[in-house]
Amino acid sequence: MVRQRINRDSGSVVLVAKRSNYVILALFVAAVYGSWFVYEQQYLNLPTPLGAQHVGKRGFSEHEAIQHVIALTQFGPHPVGSPALNHALQYVLQAAENIKETAHWEVDVELDLFHAKSGANHMVGGLFKGKTLVYSDLNHIVLRISPKYAPEATENAILVSSHIDTVFSAEGAGDCSSCVAVMLELARGVSQWAHGFKNAVIFLFNTGEEEGLNGAHSFITQHPWSDTLTMAIDLEAMGVGGKSGIFQAGPQPWAIENFALAAKFPSGQIVAQDLFKSGAVKSATDFQVYQELAGLSGLDFAYADNTAVYHTKNDKLKLLKPGSLQHLGENMLAFLLKAGTSTNLPKGKGTNSSGKSGQDTAIYFDILGTYMVVFRQYFASLLYNTVILQALLIWTTSVIMGGRSAMVSLALSSLSLVLMWMCAIGFSVFVAFVLPLVSSSPIPYVSSPWLVVGLFGAPAVLGAFIGQHLGYLILLKYLTKTFSRRNANLPLVVQEDLAKLDAERWLFKAGLLQWLVLLIVGNFYKIGSSYLALAWLAAPAFAYGLLEATLSPARLPKPLKTVTLLIGSSVPCLLSSGIIIHSVSTLIGSSVRLERSPGSNPEWLGNVIVAMFIAAIACLTLVYLLSYIHISGAKVPLIITTCLLFGISLTVIQLGVVPPFTEDTARAVNVVHVVDMAGANGKKQEPASYISLFSTTPGNLVKEVEQIGEGFTCGTVKPLDFVTFSVKYGCWSDKNANIGWHETDIPLIHVENDIKGDNRVTHVSIDTKLSTRWTLGINTDEVEDFQLKDGPEELVPIGDKSNADSWHIIQFSGGNKAPRKFSLTLFWANNQTHKKDSNTKQPLLKLRTDVDRITSPTETVLGKLPQWCSLFGKSTSPLTLAFLTSLPVDF
């Protein structure tokens, strides 16, 4: 509240710039509880799982779907080429046969066990730059459901796709047995509805996704049904369970618009799409193949709960929350029923993933997980431009009418924004640097994400307030002088109070200016998430204009009303609170796999990223609330509270009250039995064998090695090149490392002939021996082009090749019948310059072959691995046995 004082001489009432501490406390409590309520409703509120008796033949039952997840996870990890994957394929095939047998009599169900021959993925976008992904001997299960008496429906098909295979380190309850289970239950339901469809629905259960989207690529390029597709729906997971939300849509808006109309529990945010498209998320899904290669529009769903377990042992059934499958299943079934009966599916092919083919892309977001808002980019641009022009007009008019005083006040209030950002980022980043020095892990909050509230949130809020308060004091000093000249007839204490009230209002308006700038930038670059900037600008501006604003400079300032903040912040908080909390949680979970090349980044980098993200959130969302504190008595309580919160969190970390990692939220590590023939600079050597231990999670491995024993040495003196990445910090042990492999297992690179001259050509034979999963690096500083063949079959043709850091990488994966002998033709660059110092020269070729075999010394290490550690797999990771060899430039 703002107090009043009676002027005894004149009897007039004068406002005193003083706000109650309890008001500030109530505002903070409302912000915290309101934000958490939004998050719970938007991301944690799952539907009740239903049984078959509740949904009948035509509905979706999680109780039925979960049986598929149980069956698939019982096979354990089932990567490409493993016997377990064959068992998983047989299970899905039998389930598909059952669907075919029980389908409605007017529905035609076609089942195809599709064997994909060799192929190569030449996409160059995102993670595919500088790579060619080659595959062979893949098997997929394809199920087409269409009305029996409307054969034309098969010419317009909706694709629903996911993958059966997992990485070698996870049983894949989330990624993506849950997706396969949902698809099987969907197919069962659709088979009872499709007699009224105008379009077919194709369910693709592919393999090879984890090795580089090979399953989707082989289907699009080789299967005859791919020519009938008009739309693609991809189901994915980057965690285990929770709500499966849309994180990519388009480029045509038909799918997202109709999903919003049909879905019972719509979930999706264009914020996630913006982050994914920007490259901030280092990942790719089959949807990229469907968009770029097939030119299809559609939707990409993903489970994103508990992202720290992604591709680890903890992607397991017990962490799959009840209601997760029901949520996705009911949404998808409702959408497929709507799309299946539609006569106006999108027909346009040839669009690219950026949507720059003339399509009017869609902006979309859900509200509390119950309603989805979708509008076109054209409308968004029109709306944003209108708001921007009106805001600029109001600001210009206000400054002109206010004269020099308004111009200076605007500049000084803008300075407060700069100081706020500097202090918020500075305080939180300082903590990020300190944490590795006081904790056993650089990221000690992974298993307990709530710790970031005290570790980074409290310093960020404190820094934002101090920075804004410094700006407030500078602005106050100027305004005090201004009021002393303008209102010299008023008592000095009244002039000071008026200056405080005016400074408060300018700080509030500076928040509007901040969001106006972001809206202008977002509108210029057509960023979908710009709707958030609109909300944070328009709602507070409306409340301020309705309850506070005046264009008359002669009118004395009044204190900001509490209701102004409540009205102005309610809509923005409703739209952004859930997204913010979920984004922070996802960022924390992703930090366990931050280091793509272990040891290449400083330990504090992950903390700095989290700290800066939280500091930015504090500056963006608290700018209005903080402006209310400066004339209150809550300044000291705020400082004490944030310091206490930080101190408690730091003490908890220092004392080890909560561990950085647990059995269910594990540190990502790799244990690889390495047989190294590469040597230095590509020079061949006698086989060197050792067990390598490294981690994609920041931090040293001293604690882990102490528990394992087995003679491990850790450090940076033995870097390891795995072709797709390098290990600059790791641990190694040669104890019993000569056991479990034979020299005949070592891959061979042999120069068949070398035709020198102006157009030098070298023919090389490659024998990968045991391996059907290998990676070859080709030095593009030396080689201009190349051709890869499997006997007479051309796998990689001559043509333009992209490169990354002067290397082109070929990643090969396939089943047990995949070839193991290849011929490689190298066309040398004409402008090659050989360095005389061979110690600095890279090899011409470097090869890594992977074998899914756990040798005796590896088994010993894995048996002693701490429970808070888990093997981590991805398409570029080696398996548990890897052979390294190379070919020098001067062979």
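The values are calculated or read from the model by the stated rules, or taken from the named source; none is laboratory data. Note that the structure is predicted; figures quoted are calculated from it, not measured. We place every Cβ from the backbone using ideal geometry, glycine too, and count neighbours over all the protein chains shown. Accessible surface is based on the protein model in full, side chains and every heavy atom, while ligands, DNA and RNA are left aside. Shrake-Rupley method; radii C 1.70, N 1.55, O 1.52, S 1.80 Å.
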Checklist entry - Packing-wise, with mean Cβ within 10 Å as the measure, how do 804-814, 366-376 rank, highest first? => result 804-814, 366-376
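Tell me the net charge near residue 412. Cut-off is 15 Å between Cβ atoms, residue 412 excluded, with +1 for each Lys or Arg and -1 for each Asp or Glu. Write out the running numbers ahead of the final one.
Numbers: positive: 404, 477, 481, 500, 505, 509; negative: 502, 504.
Computed value for this residue: +4.
Over the chain, what portion of Cα pair distances is larger than 51 Å, expressed as a whole percent?
For the chain, the fraction of Cα-Cα distances above 51 Å is 26 percent.
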Item to check | Partner lysines for residue 526 [C-alpha distance under 21 Å; skip if fewer than 8 residues away on the same chain] | outcome: 277, 356
Checklist entry - Between residue 30 and residue 524, what FRET efficiency comes out of the Förster formula 1/(1 + (r/R0)^6) with R0 = 22 Å and r the beta carbon distance, rounded to 0.05? => result 0.05
Checklist entry - For segment 485-582, what is the accessible area per residue in Å² when the probe is 1.4 Å? => result 42
Item to check | Residue order for 91, 378 - accessible surface, 1.4 angstrom probe, largest first | outcome: 378, 91
Item to check | Relative packing of 715-721, 484-490, 764-770, which averages over residues the other C-beta atoms within 10 Å, highest first | outcome: 764-770, 715-721, 484-490
Checklist entry - Roughly how many percent of the accessible protein surface of segment 65-167 is carbon and sulfur, given a 1.4 Å probe and a whole-percent answer? => result 53
Next on the checklist: Quick check: Cα centre of segment 27-54 to Cα centre of segment 588-616, how many Å?
Outcome noted: 29
Item to check | Considering only the chain, percent of DSSP beta bridges that pair antiparallel, nearest 5 | outcome: 75
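Using a 1.4 angstrom probe with every protein chain in place, what is the largest-first accessible-area order of 714, 731?
Order by accessible area, largest first: 714, 731.
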Checklist entry - Cα centroids of segment 162-209 and segment 216-268: how far apart, whole angstrom? => result 12
Item to check | Overall form of segment 83-173 per C-alpha gyration tensor (a/c, 1.5; a/b vs b/c) | outcome: oblate
Checklist outcome for this item: Per residue, accessible area of segment 612-693 with a 1.4 Å probe, heavy atoms of protein chains only, in Å², comes to 37
Checklist entry - In the structure displayed, which of 282/789; 148/243; 728/846; 129/846; 318/728 lie more than 24 Å apart, Cα to Cα? => result 282/789; 148/243; 318/728
Checklist outcome for this item: In this structure, the FRET efficiency calculated for residue 18 and residue 149 from their beta-carbon separation, with R0 = 56 Å, to the nearest 0.05, is 0.10
Next on the checklist: From the protein chains alone at 1.4 Å, what is the descending order of accessible area for 338, 509, largest first?
Outcome noted: 338, 509
Checklist entry - Using the Cβ atoms and a cut-off under 11 Å, what net charge is assigned to the surroundings of residue 233, where Lys and Arg are +1 and Asp and Glu are -1? => result -4
Checklist entry - Going by a ≥ b ≥ c, the root eigenvalues of the Cα gyration tensor, does segment 44-107 fall in the rounded group (a/c under 1.5), the prolate group (a/b larger than b/c) or the oblate group? => result oblate
Next on the checklist: Net charge within 15 Å of residue 546 by Cβ-Cβ distance, Lys/Arg positive one each and Asp/Glu negative one each, not counting residue 546 itself?
Outcome noted: +3
Checklist entry - Is it possible to state the helix-based mean residue ellipticity at 222 nm for the chain, with each DSSP H run of 4+ residues giving -39500 (n - 2.57), the sum divided by total residues, to the nearest 500 deg cm²/dmol? What is it? => result -13000 deg cm²/dmol
Checklist entry - Got the relative contact order for the chain handy, in percent, Cα pairs under 8 Å and 6 or more residues apart? => result 14
Checklist outcome for this item: Dividing the mean separation of Cα pairs under 8 Å (6+ apart) by the residue count of segment 760-879 yields a relative contact order in percent of 37
Checklist entry - Taking 0.36 nm per intervening residue step and subtracting the Cα-Cα distance, what contour gain separates residue 318 from residue 563 on full extension? => result 83.6 nm
Item to check | Estimated FRET transfer efficiency (residue 726, residue 227; beta-carbon r; R0 45 Å; 0.05) | outcome: 0.60
Checklist entry - So how tilted is helix 562-590 from the main axis of the chain? Cα-based, degrees 0 to 90, rounded to 10. => result 20
Next on the checklist: Checking the a/c ratio against 1.5 first, then a/b against b/c, what shape does the Cα gyration tensor give for segment 534-603?
Outcome noted: prolate
Checklist entry - Of the heavy-atom accessible surface of segment 658-780 (probe 1.4 angstrom), what whole percent is carbon and sulfur? => result 50
Checklist outcome for this item: For the chain, longest principal axis from Cα atoms; helix 21-39 axis from its Cα atoms; angle between them, nearest 10 degrees, is 30
Checklist entry - Rounded to the nearest whole Å², what accessible area per residue is found for segment 700-771 with the 1.4 Å probe? => result 53
Checklist entry - What ranking, highest mean first, results for peptides 146-159, 785-798 when packing means the other Cβ atoms within 10 Å averaged over each residue? => result 146-159, 785-798
Checklist entry - For segment 196-250, which whole-number percentage of the solvent-accessible area (1.4 Å probe, protein heavy atoms only) is attributable to carbon and sulfur atoms? => result 50
Checklist outcome for this item: Within the chain, cysteines having no neighbouring cysteine beta carbon under 4.7 Å are 423, 573, 619, 643, 869
